[in-house]
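Inspection log for the structure reproduced underneath, given as structure tokens.
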Amino acid sequence: MPSRPRRSRPTGSAVAWAIDGGAALLLLAVLVTYLTRQPAQASSSPFEYLGGTPRPTLTPVPTSFYLPTVTPNPLSTPVEDYSTPTPFAFSGGPAPRTIGYSALGEPIENYTFGQGEQQYLIVAGIHGGYEGNTTDLANQLVVYLAGHSEVIPSDATLYVIPAMNPDGAARGRNVDARANSNGVDLNRNFPSRNWVPDWDRGNCWNYRPTTGGQSGGSEPETRAVMNFIGSHHLRAMISYHSAALGVFPGGDPWETASERLASTLADATNYPYPPIDIGCHYTGTLADWAVEHGVGAAVDMELSNHQDADFTRNLGAVQALLEFSE
Ligand SMILES: [Zn+2]
């Protein structure tokens, strides 16, 4: 999730506040009930991976603290899956190249399609947990593009990084698995001009403790992508998230070329643009950092929910991306 929208929406914000207020009371009631009824389970903290020894597999929380109404995004339904995901294995196309390693030493991989001068990038899975459907989408695109080279114009090269946060992804599709193994929100960790270690959580994702890192670019996953972008001349890029808020242009304030890319991609996908303003100020995002460091245009784009890959809509987005020029 993305950058501060310019346009304010007082009505939307008021609704979001009302939802948050009501939800906070509900959450408190559920929490008290939970702690009273299940003292043994309550002693097993789901936050242990934060700041301590990373745990690849978290103990499932049988009675979830999570209430769907707590979400600042009423359009999306959360997922509570603590199982270990099946690794993506694909032998029918180009071999991926490792561009760096996660904090736990897992490779971060890039697939390359085409060999033209105009270079484009797709990054998915920057948030683990229930944003894993972005990695599903990227993997489906990799398989498709391997068999349909005609999608890539002769003057273009497309790079796809399907899983920027493999340690988060390995913890399953749940609320505990968003950050990397150091508890850092990677889409708050890029050393853009607006990077901060902490922010007002009021209207932002706030289900678990997380930070922007000890400094901008403190995390190995972030540095891997920074190095990749720094060593390529990218015309445009998409950073995928879920869910439902729409397409957020890079830049704080939004940059013109990124606004145009966002509008183009919204036309191709029917995702909302301008994006839905929940009153959260996004800092240290990949898209912001990218446009400050030479990428022609960048967006954060959210799939329609936390389950579906939205493949067909995003095949259209890829085609629009590959036709984009500043
Ligand atoms: Zn996200």
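The set of residues from the range 217-239 being within 17 Å of the chain's Cα centre (by Cα) and not aliphatic (A, V, I, L, M) comprises Gly217, Glu219, Pro220, Glu221, Thr222, Arg223, Ser239. For the range 284-323, filtering for residues that are surrounded by fewer than 21 Cβ atoms within 10 Å (Cβ to Cβ) and either more than 16 Å from the ligand (Cβ to nearest atom) or among the aromatic types (Phe, Trp, Tyr) (or both) leaves 11. From the list Ala224, Ala243, the one residue that fits, being surrounded by 19 or more Cβ atoms within 10 Å (Cβ to Cβ) and at pLDDT 95 or above, is Ala224. Tyr273 passes every criterion in (1) more than 13 Å from the ligand (Cβ to nearest atom); (2) over 16 Å from Ala317 (Cβ atoms); (3) assigned to a loop (DSSP other than H, G, I, E, B) apart from (2). Tell me whether the range 143-158 contains one or more residues that are in a strand (DSSP E or B) and within 16 Å of the ligand (Cβ to nearest atom). No; the residues of the range 143-158 include none that is in a strand (DSSP E or B) and within 16 Å of the ligand (Cβ to nearest atom).
Just one of the numbered conditions (1) within 16 Å of the ligand (Cβ to nearest atom); (2) surrounded by fewer than 24 Cβ atoms within 10 Å (Cβ to Cβ) is not true of Asp200: (1).
For the range 155-163, the criterion of being of a type in the set (Gly, Ala, Ser), out of contact with any Cys (no Cβ under 6 Å at 6 or more places or on another chain), over 24 Å from Phe90 (Cβ atoms) and surrounded by fewer than 21 Cβ atoms within 10 Å (Cβ to Cβ) is met by none of the residues.
Only one of the numbered conditions (1) within 15 Å of the ligand (Cβ to nearest atom); (2) of a type outside the set (Ser, Thr, Tyr); (3) in a loop (DSSP other than H, G, I, E, B) is not met by Glu326, and that is (1). Within the set Ile122, Ile152, the sole residue that is more than 24 Å from Glu255 (Cβ to Cβ) and of a type outside the set (D, E, K, R) turns out to be Ile152. For the range 92-109, enumerate the residues that are touching a Phe, Trp or Tyr at 6+ places or on another chain (Cβ under 8 Å) and buried (at least 21 other Cβ atoms within 10 Å of the Cβ). If the condition is that a residue be touching a Phe, Trp or Tyr at 6+ places or on another chain (Cβ under 8 Å) and buried (at least 21 other Cβ atoms within 10 Å of the Cβ), then Ile108 is the only one that fits.
Please indicate, with yes or no, whether at least one residue in the range 110-125 is at pLDDT below 95 and buried (at least 23 other Cβ atoms within 10 Å of the Cβ). The answer is no, given that none of the residues of the range 110-125 is at pLDDT below 95 and buried (at least 23 other Cβ atoms within 10 Å of the Cβ).
The values are calculated or read from the model by the stated rules, or taken from the named source; none is laboratory data. These numbers were taken from a predicted model, which means no experiment stands behind them. No Cβ is skipped: glycine too gets one built from the backbone with ideal geometry, and neighbour counts run over all protein chains shown.
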